[in-house]
1. Can you give me the number of residues within the range 80-96 that are in contact with a helix residue (DSSP H, G or I) (Cβ under 6 Å, 6 or more places away or on another chain) and either among the hydrophobic types (A, V, I, L, M, F, W, C) or farther than 11 Å from R31 by Cα (or both)?
2. Would you say L46 is under 25 Å from L136 (Cβ atoms) and modelled with pLDDT of 95 or more?
3. Read through the list (1) part of a loop (DSSP other than H, G, I, E, B); (2) open to solvent by 80 Å² or more (accessible area, probe 1.4 Å); (3) closer than 29 Å to P43 by Cα, then give the number of the only condition that D118 fails.
4. Out of the range 142-170, which residues are at pLDDT 95 or above and farther than 17 Å from E70 by Cα?
5. Cβ-Cβ distance below 6 Å, separation of 6 or more or different chains: which pairs start in the range 95-110 with a residue that is among the acidic types (D, E) and end on one that is in a loop (DSSP other than H, G, I, E, B)?
6. Could you please tell me which pairs satisfy a Cβ distance under 7 Å, a separation of 6+ or placement on different chains, a first residue in the range 142-170 that is surrounded by fewer than 16 Cβ atoms within 10 Å (Cβ to Cβ), and a second residue that is part of a loop (DSSP other than H, G, I, E, B) and of a type in the set (A, V, I, L, M)?
7. Count, please, the residues in the range 124-136 that happen to be over 21 Å from G68 (Cβ atoms), open to solvent by less than 50 Å² (accessible area, probe 1.4 Å) and of a type outside the set (V, I, T).
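The values are calculated or read from the model by the stated rules, or taken from the named source; none is laboratory data. A quick note: this is a predicted structure, and the numbers were derived from the prediction, not measured. Note: ideal-geometry Cβ built from the backbone for every residue, glycine included; neighbour counts use all protein chains shown. Please note that ligands, DNA and RNA were not included when accessible areas were found on the heavy atoms of the full protein model with its side chains. Shrake-Rupley method; radii C 1.70, N 1.55, O 1.52, S 1.80 Å.
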Amino acid sequence: LEDLQSMTLRTPLDPVQTFMDDPLRILRVLRFNSRYPGAQMAPDVLHAMSDPGVHEAYRVKVSPERAGPEILKLFTGEKPVDSLMALYNTGMDKAILNLPDFQNLHSFDMDQRNPHHDFNVRDHTFKVMEQYNSILKEQQESGNISKKDRTLALIASWFHDYGKLHPEIG
């Protein structure tokens, strides 16, 4: 009851064991964090998401077919950027984006090394996403775009600068 009142997201059992049993629960907690504006993940949940064993369990147990719908739902929430920040802060991004095209890229924290950007790729991307999300929510509320279009536009904004991370481009 206390967690519901404070909007604290936690697992009913030890988070490491919970995530090892079913690593898809990581995406679910990120989705709930995104969906509810006042939600916050419990520190032990974030700590468990940082566990290398949990990362490996995710790689082994979660198929793209199971992960895809949860990731899409994450982007329909009020604050997807907060959940993505947690994803990167815990290192879960490497497990979730464990695809051939994402291997051998420069770090998402890469300095853009040009006079047109004050932020590294990560901070720039999150700022773009926060601003774009505000615009898209207004457009969705006024009926100018659908929830699906808002979701797809936010995903596009997430990856809009990933090409800069390629070693031959960066």
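1. 6
2. Considered against the rule, which asks whether it is under 25 Å from L136 (Cβ atoms) and modelled with pLDDT of 95 or more, L46 comes out as no.
3. (3)
4. Matches in the range 142-170: S142, G143, N144, I145, S146, S157.
5. Qualifying pairs under 6 Å: D109/N120.
6. G163/I169; H166/L105; G170/M110
7. 2
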